Amino acid sequence: MKKTANLLVSCPDRAGIVKVVTQYLFDYGANISFLEQHIEDGYFLMRIEWEIENFCFDCEDKFLDRFSEIQREFNMELKVDFKWEKRKVWLLCSKELHCLYDVIGRYLTGELNIEIPYVISNSLAWKDYVEKIGIPFYYVETKKGSFEHEKEVLKVIKENPTDLIALARYMKVLSHDFIEQANQKIINVHHSFLPSFIWAKPYDEAFERWVKIIWATSHYVIPELDRWPIIDQEVRRIKHSHDIDNLKILWRECEKTVFANAIRKHIENKIIVYKNRAIVFE
């Protein structure tokens, strides 16, 4: 597989943006392999990817230094990614296994091009499984209605920084203070019965109401609840012959799919958050 680099661009829309960016890349030896753009409320959003075999720059700093004049002229926000190293993704989980197990499986098979430096959980249920794979496991006890455990979690983060926090069915709300101090992107996944079914057994409630579709949502975590930038959603249709166990299986399949897709899109630098909306490129 050929090595590539990519660039996310966001700026006020005006004529000539695509031309000036592609000309710059061409002038420095890039072979452009992919380009996708979108205009939203007068704002220009683009992702461009190129092969770097004959490209002049071998790191992000050199690229941005030479690109700075164009950046100033068009008032651009940029995120460039030279994909030499695997992104480090920290998994945070509770007792539910399916999302954790799925991501680790994709990591082991190379389907997700990531490293998992450690797993943190408020349950010891998967400690032996995680450690047998060779991934460090941290147990941090949590108490209902308390955020004291976040101090210990933040300590682990500061000592072992990662590129992304992925909540693999972590059943605790993160405080505003934690989100700010973590200072990195956080991805979460959950069923989408909210706000209709919010109690301890939402699947039983949904079954009793004879729902016809179920779905799951993956999103970035921000301090404002219910304002999350949605990255991916998966929908499955329910038949009258499905019982609660069938419903739960379909729901887990939805969650695994959207969770893995969200992680993949993030590490491949394919998401721009604009006005609290996640613009997700192919």
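Just a few scattered comments:
- Cut-off under 5 Å, modelled amide H: who pairs with N122 long-range: C93, V140
- Given +1 at the Cβ of Lys and Arg, -1 at the Cβ of Asp and Glu and no other charges, the dipole of the chain around its Cα centre is 620 debye to the nearest 20.
- Most mobile listed residue (I244, I157, I48) in the chain, GNM with C-alpha springs under 10 Å: I244
- Measuring nothing but alpha carbons in segment 4-82 and taking Rh as the Kirkwood radius, the Rg to Rh ratio lands at 0.94.
- For K127, a cut-off of 17 angstrom between C-alpha atoms picks up these aspartates and glutamates, skipping any fewer than 8 places away in its own chain: E96, D102, E141.
- Computed over segment 87-280, relative contact order equals 19 percent, with contacts defined as Cα pairs under 8 Å that lie 6+ residues apart.
- P(r) tail fraction, segment 225-282 - alpha-carbon pairs more than 16 Å apart, %: 54 percent
- Helix 60-74 axis, angle to the chain major axis (alpha carbon atoms, nearest 10°): 80 degrees
- Gaussian network model of the chain, springs between alpha carbon atoms under 10 Å - residue of G110, G145, G29 with greatest fluctuation: G145
- Start at zero, step by 10 Å, and the Cα-Cα distances of the chain spread as 6, 25, 30, 23, 12, 4, 0 percent across the bins.
- Between helix 149-159 and the chain: long-axis angle, C-alpha atoms, 0 to 90°, nearest 10: 30 degrees
- Highest mobility in the GNM of the chain, judged by mean-square fluctuation with C-alpha springs under 10 Å and restricted to E148, E234, E60, is found for E148.
- Cross-link pairs beyond the 31 Å C-alpha cut-off, checked among K132/K158; K143/K239; K132/K256; K2/K256; K83/K143: K143/K239; K83/K143
- The angle separating the long axis of helix 98-109 from the principal Cα axis of greatest extent in the chain is about 40 degrees.
- The chain - share of DSSP beta bridges that are antiparallel (%, nearest 5): 70 percent
- Label-to-label distance, nm, for residues given as A125 and Y139 (7 Å Cα→Cβ offset): 1.5 nm
Each value in this text was obtained by applying a stated rule to the coordinates, not by laboratory testing. Here the structure is a predicted model, which is why all the values come from computation and not from measurement. Using ideal geometry, Cβ is built from the backbone for each residue, glycine included, and neighbour counts are taken over all protein chains shown.
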